[in-house]
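A short reminder: the numbers here are calculations on the coordinates, not readings from a lab. Computed from a predicted structure; not experimentally measured. Ideal geometry is used to build each Cβ from the backbone, glycine not excepted, and the neighbour counts take in all protein chains shown.
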Amino acid sequence: MLILNKTAGVFSKPSKRNMYEFLRSFNFHPGKLFLHKLVLGIETSCDDTAAAVVDETGNVLGEAIHSQTEVHLKTGGIIPPVAQQLHRENIQRIVQEALSASKVSPSELSAIATTIKPGLALSLGVGLSFSLQLVDQLKKPFIPIHHMEAHALTIRLTNKVEFPFLVLLISGGHCLLALVRGVSDFLLLGKSLDIAPGDMLDKVARRLSLIKHPECSTMSGGKAIEHLAKQGNKLHFDFKPPMQHAKNCDFSFSGLHHIIDKMIMQKEKEEGIEKGQILSSAADIAAAVQHTVACHIAKRTHRAILFCKQRDLLCQSNAVLVVSGGVASNLHIRKALEIVTDATQCTLLCPPPRLCTDNGVMIA
Ligand code: KG4
Ligand code: ZN
């Protein structure tokens, strides 16, 4: 309950609502007075503690984030109780920073929106209990948010995108293709049958000990693979994209991961090195892995676009594919998706990198 007491400490002082604050909560338009709605968004579903204040027109007034990546890189993956503890240590500061940056006092908020699912239960719990305490204290409405819906809709903050559009979410914890028909109207077209692509890239990077590579030591697994891949030759290894004959839009990365693992073991034998040392062929392996993942993602997405077009689920002339999630920042994967969207006369849109990964803005 430490976190709740801390929260109470910060927000219990009643803020003095002076004339300036009062006027600032109104937006003046010629001839009409318009009340500005301000929403505080809180995100703790995985390993980022994030908060933001957004107004009803989509202006981001303030945001703050604390990433746990560095800690989880050292332990070789996310340990849920560790993530929970780090969220507890940071949530109050992050919410306070977002509010301070936005120059909005807690009493001015119209509502508090928080991720309630999906995610790591222990991490979600920190954001939820913090928010419920705040909601109770400030007597504000609470808006429960579905993390994936928030990811899917984020593009509408930066681009004018009409419904319906297709969304591809690819990260360390997500892998899905969905048709977005409205704010809370989604048709799931495909998902990973096992692990997400970012999870696989993180596992391969760990197996290759890329954290010991001088150029990659502070990078996430996926970023390290992308970085090394630039120095490698993707044709030196021939991994086949999974599910080539599956007549659906699902994904799978576990089988490919297993094949790559076996191949790394064989290379270690050939090069006469121990597990934990860096292979001389690491860059070639990174390039081939990245390319195979890109091909798999692009092929499944191609099927989804064709399916939607055949059934008139997407606009024939101006269909939009939105790609988001940490893996969407990979330029080789984006290039593969661009080939698909060019061939199907679709527009490819990606939110800016800071909005692709987990953040408070998408929740607000
Ligand atoms: O969206 P995100 O920050 O968190 C969630 O997983 O929800 O995504 C993190 C994932 C990690 O698996 C990381 O390795 C991967 O995105 N990633 C990348 C790149 N940057 C981050 N994967 C491929 N290429 C990148 N440049
Ligand atoms: Zn996410």
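Return the distance in nm (one decimal) between the two label points of a simple spin-label model at Met265 and Ser67, each offset 7 Å from Cα along Cα→Cβ.
Calculated label separation equals 3.3 nm.
Can you find, among Gly119, Asn159, Gly76, the residue farthest towards the positive end of the dipole of the chain? Put +1 on the C-beta of Lys and Arg, -1 on that of Asp and Glu.
It is Asn159, whose Cα lies furthest towards the positive end.
Would you work out the Kirkwood radius for the chain? I mean one over the mean of 1/r across all pairs of different Cα atoms, in Å.
It is 22.0 Å.
Can you give the local net charge around Asp261? Use residues other than it whose beta-carbon is closer than 9 angstrom to its beta-carbon, Lys and Arg +1, Asp and Glu -1.
Net local charge, Asp261 excluded: +3.
Quick check: the angle from helix 254-271's long axis to the longest principal axis of the chain, C-alpha only, nearest 10 degrees?
Taking the Cα atoms of the chain, the angle to 254-271 is about 50 degrees.
Sort 109-117, 356-364 by the packing proxy (mean of other Cβ within 10 Å over each peptide's residues), most packed first.
Peptide ranking by packing, descending: 356-364, 109-117.
At a Förster distance of 25 Å, what's the computed FRET efficiency of His227 paired with Arg206, Cβ-Cβ distance as r, to 0.05?
E between His227 and Arg206, to the nearest 0.05, is 0.95.
If you wrap a convex hull around the Cα atoms of region 38-140, how much volume per residue is inside, in Å³?
Values: hull volume 9.3 nm³, N = 103.
In region 38-140, the Cα convex hull volume per residue is 90 Å³.
So what's the angle, to the nearest 10 degrees on a 0 to 90 scale, between helix 2-11 and the longest Cα principal axis of the chain?
That works out to roughly 50 degrees.
Note down the magnitude of the dipole of the chain about its Cα centre, charges +1 on Lys and Arg C-beta and -1 on Asp and Glu C-beta and zero elsewhere, to the nearest 20 debye.
440 debye
Pick from Lys299, Lys309, Lys247 the residue whose mean-square fluctuation is largest in a GNM of the chain, springs joining Cα atoms under 10 Å.
Sorting by GNM fluctuation, first place goes to Lys247.
If we count every other residue with Cβ under 15 angstrom of Phe251's Cβ, Lys/Arg +1 and Asp/Glu -1, where does the sum land?
+3
If you take the Cα atoms of region 165-353, find Rg, then find the Kirkwood Rh from the mean of 1/r over all pairs, what is Rg/Rh?
Rg/Rh for region 165-353 comes to 1.01.
For region 167-239, what ratio Rg/Rh do Cα atoms give with a Kirkwood hydrodynamic radius?
Rg/Rh for region 167-239 comes to 1.11.
Name the residue from Phe251, Phe130, Gly198 whose Cα lies farthest towards the positive end of the charge dipole of the chain, charges +1 on Cβ of Lys and Arg and -1 on Cβ of Asp and Glu.
Comparing the listed Cα positions along the dipole, Phe130 ranks first.
Can you tell me the orientation of helix 331-343 relative to the chain, as the angle in degrees between its alpha-carbon axis and the longest Cα principal axis, to the nearest 10?
Its long axis makes an angle of about 90 degrees.
Using only DSSP helix segments of four residues or longer, with each worth -39500 (n - 2.57), what per-residue ellipticity at 222 nm results for the chain after dividing by its residue count and rounding to 500?
Helix contribution divided over all residues of the chain: -14000 deg cm²/dmol.
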